[in-house]
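Visitor: Sharing a structure, written as structure tokens. Questions coming.
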């Protein structure tokens, strides 16, 4: 499948509907909000790519994604994702999610974002992720 | 679910791509507006812009159609939640203005369809843009 994989393309093996919602909310964003790095990275394939579309920032591979989260976890004292509405598609092995982000820089005022992510899975893990933000990009490059 | 799902996967894709976007590109205002309930909400989340009700949505499209000589939406990837009447698509928006300038955007739309007496239509539309918002 790896040779012919494409985002939402044919040849995917559908997972049960709740798996898509659970990996986004109970595994990925719960890991982000609690700054649990291993839980976050376990959601990604080793060669996953995460793109912040509104600033065209691209993080290639799990180590670049790790570096990005090291910086995010260090720069912000609290992070919360909620108010989710999902478009979950087992046939395409993909899920797109809308949500609110409440995030507070160290010593600063809380910021509110209305964001969306598109997650395309390869087997059971995120292989391509696209993030749109309603404000300045928070997912900046870290030190790899 | 927010709204009872009534359309199949194929019908949701047909509604979003053919009944809606193909008619946007044709600047066919009546056909475009027929995709929306009277009380529909159209939000550009990346610009905190909200158009509430069909008359505000019509005004938005009037200005959008007038601003660009040619409007092309292409290269769609659809994600379909048939069980909940929701569909998401990412696509390229290619906008040619009257001076020959071309704007390319890599956008994502989320549509929530609600059934009604004339069939399921858009009740909520959320747009996330990669650049400046032309839907003002």
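Visitor: Checking residue B:110 against (1) away from chain A (no Cβ under 14 Å); (2) buried (at least 18 other Cβ atoms within 10 Å of the Cβ); (3) under 30 Å from residue B:5 (Cβ atoms), only one condition comes out false. Which one?
Guide: Condition (1) is where residue B:110 drops out.
Visitor: Within the stretch A:35-70, which residues are surrounded by fewer than 18 Cβ atoms within 10 Å (Cβ to Cβ), assigned to a loop (DSSP other than H, G, I, E, B) and more than 14 Å from every other protein chain (Cβ to nearest Cβ)?
Guide: Those that are surrounded by fewer than 18 Cβ atoms within 10 Å (Cβ to Cβ), assigned to a loop (DSSP other than H, G, I, E, B) and more than 14 Å from every other protein chain (Cβ to nearest Cβ): A:35, A:36, A:42, A:61.
Visitor: Evaluate the stretch B:34-41: report whether one residue or more is within 14 Å of another protein chain (Cβ to nearest Cβ), touching a helix residue (DSSP H, G or I) at 6+ places or on another chain (Cβ under 7 Å) and farther than 27 Å from residue A:137 by Cα.
Guide: no
Visitor: Moving on to the next point. Examine the stretch B:101-112 for a residue that is over 12 Å from the mean Cα position of the chain (by Cα) and in contact (Cβ under 8 Å) with a residue 40 or more places away in the chain, and state whether such a residue exists.
Guide: no
Visitor: Let me ask something else. Whether any residue in the stretch B:122-130 is within 14 Å of another protein chain (Cβ to nearest Cβ), within 26 Å of residue A:56 (Cα to Cα) and over 15 Å from the mean Cα position of the chain (by Cα) is what I want to check.
Guide: yes
Visitor: Right, another one. I'd like the full set of residues that are away from every other protein chain (no Cβ under 14 Å), surrounded by fewer than 16 Cβ atoms within 10 Å (Cβ to Cβ) and part of a strand (DSSP E or B), limited to the stretch B:42-83.
Guide: Once the filter is applied, which keeps residues that are away from every other protein chain (no Cβ under 14 Å), surrounded by fewer than 16 Cβ atoms within 10 Å (Cβ to Cβ) and part of a strand (DSSP E or B), the stretch B:42-83 yields B:52, B:69, B:70, B:74.
Visitor: Residue by residue through the stretch A:90-132, note down the ones that are in contact with a helix residue (DSSP H, G or I) (Cβ under 7 Å, 6 or more places away or on another chain) and assigned to a loop (DSSP other than H, G, I, E, B).
Guide: If the condition is that a residue be in contact with a helix residue (DSSP H, G or I) (Cβ under 7 Å, 6 or more places away or on another chain) and assigned to a loop (DSSP other than H, G, I, E, B), then A:106 is the only one that fits.
Visitor: Now for a different question. Determine, yes or no, whether residue B:119 is in a loop (DSSP other than H, G, I, E, B) and in contact (Cβ under 8 Å) with a residue 12 or more places away in the chain.
Guide: It is true that residue B:119 is in a loop (DSSP other than H, G, I, E, B) and in contact (Cβ under 8 Å) with a residue 12 or more places away in the chain.
Visitor: Ok, one more. Give the residue, chosen from B:31, B:22, that is surrounded by fewer than 16 Cβ atoms within 10 Å (Cβ to Cβ), away from every other protein chain (no Cβ under 14 Å) and in contact with a strand residue (DSSP E or B) (Cβ under 9 Å, 6 or more places away or on another chain).
Guide: B:22
Visitor: To continue, here is another question. Kindly indicate the residue of the stretch B:84-104 that is farther than 20 Å from residue B:130 by Cα and buried (at least 17 other Cβ atoms within 10 Å of the Cβ) and also farthest from the other protein chains (Cβ to nearest Cβ) among those meeting that condition.
Guide: Top of the filtered list is B:85.
Visitor: Give me a count of the residues in the stretch A:71-118 that are under 22 Å from residue A:46 (Cα atoms) and within 9 Å of chain B (Cβ to nearest Cβ).
Guide: Here the count works out to 5.
Visitor: What are the residues in the stretch A:21-34 that are out of contact with any strand residue (DSSP E or B) (no Cβ under 8 Å at 6 or more places or on another chain) and assigned to a helix (DSSP H, G or I), if any?
Guide: A:22, A:26, A:27, A:30, A:31
Every number here is computed from the coordinates shown, using simple stated rules; none is lab data. Here the structure is a predicted model, which is why all the values come from computation and not from measurement. FYI the Cβ positions are ideal-geometry reconstructions off the backbone, even for glycines, and counts take in every protein chain you see.
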